[in-house]
Amino acid sequence: MIIRTVEFDGSVVAPEQPLPGELPQIAFAGRSNVGKSSLVNRLLGRTRRAVARVSASPGKTQALNFYRVNGAFFLVDLPGSGYAKAPASAREQWRRLVRSYLAGSRLLKGVVYLVDSRHPPTVGDQEFVEYLAETGVRVLIVLTKVDKLKPSQRERGITGPTERRLGVSEDQIVESSARTGEGAAELLAAIEALLEDES
Ligand SMILES: Nc1nc2c(ncn2[C@@H]2O[C@H](COP(=O)(O)OP(=O)(O)OP(=O)(O)O)[C@@H](O)[C@H]2O)c(=O)[nH]1
Ligand SMILES: [Mg+2]
């Protein structure tokens, strides 16, 4: 896929708010700070001037942010789950917002769920991926920040715990680094396949 144009089309902050357009969507989900916004920027070729806001302090993305790509589909950057420092009421609000979107969007073609490659998936990750399976949406798992792994870890292979804990197969997992760009082409191709899938 060639990225020709990217436009930020706005944010959705409440479950009753309409989406910014009627286009197929691919959503990016995962714990706060896992690297969702960084990966969206990398995929869209925005490594020097970011479109999606990235921050060293977690909890930056608090809305569903819609990026229109090639005028043809949306990449949707979701707020991170499990950001412990946010007040419980705010966390519950984001959770409701994310779940009502995931369960309700007719045009959602797939969810890219991110897990930090340095740690095995958590119970929270497990619950979220189970929830996605219940909604019937197609799921890709991205193991992020592989540039931070030791060479020995990479040689041993890092997908095993993810396959076991999340109940996914190896061909659903992409190893990536927003820093080096590793995995970006593979992920874009997988996203293209989700968008073309008519089922
Ligand atoms: N080394 C390295 N750091 C990364 C990578 N991806 C993201 N980071 C860093 O991780 C931190 C969080 O990145 P974000 O992209 O803001 O994470 P997020 O998942 O969007 O976070 P929320 O919006 O809070 O949910 C930032 O300091 C990034 O620079 C990567 O591939 N490699
Ligand atoms: Mg973010």
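If you plug the beta carbon distance of Ser169 and Glu16 into 1/(1 + (r/R0)^6) with R0 = 30 Å, you get a FRET efficiency near 0.25. Summarising the strand pairing of the chain, around 35 percent of its internal DSSP beta bridges are antiparallel. Taking trypsin sites (Lys or Arg not before Pro) across region 80-167, the ones in a DSSP loop with at most 14 further Cβ atoms lying within 10 angstrom of their Cβ are Lys85, Arg106, Arg118.
The value of relative contact order for the chain, using C-alpha pairs under 8 Å at least six residues apart, is 23 percent. In terms of other Cβ atoms within 10 Å, Asp125, Asp171, Asp147 run from fewest to most in the order Asp171, Asp147, Asp125.
In terms of surrounding Cβ atoms within a 10 Å radius of their Cβ, Val142, Val129 rank from fewest to most as Val129, Val142.
By the count of neighbouring beta-carbon atoms within 10 Å, fewest first, Leu97, Leu23, Leu143 end up ordered Leu23, Leu97, Leu143. With an a/c value under 1.5 for the gyration tensor axes a ≥ b ≥ c computed over the alpha-carbon atoms, region 6-196 is described as rounded.
With 0.36 nm allotted per residue and the present C-alpha distance subtracted, the Arg99-Thr180 stretch has 26.0 nm of extension available. For region 1-39, the residues whose backbone nitrogen is under 18 Å from a point 7 Å from the Cα of Leu107, taken along Cα to Cβ, are 4-28.
Distance between the pseudo-spin-label points of Ala133 and Lys150 (7 Å out from Cα toward the beta carbon): 3.2 nm. Of the GluC sites (Glu not before Pro) in region 109-199, the ones in a loop by DSSP (not H, G, I, E or B) with at most 10 other beta carbons within 10 Å are Glu198.
Between Ser32, Ser176, Ser152, the GNM of the chain built on Cα springs shorter than 10 angstrom shows Ser152 fluctuating the most. Each residue of region 174-184 was assigned a 3J(HN,Hα) from its phi angle through the Karplus curve 6.51 cos²θ - 1.76 cosθ + 1.60 (θ = phi - 60°); the sequence is 10, 8, 9, 9, 5, 6, 9, x, 4, x, 5 Hz, with glycine and proline shown as x.
Any read-out appearing in this document is the output of simple, stated calculations on the displayed coordinates, not a laboratory observation. Note that this is a predicted model, so its numbers are computed, not measured. Neighbour counts are summed over all protein chains in view; Cβ atoms, including those assigned to glycine, are modelled from backbone coordinates with ideal geometry.
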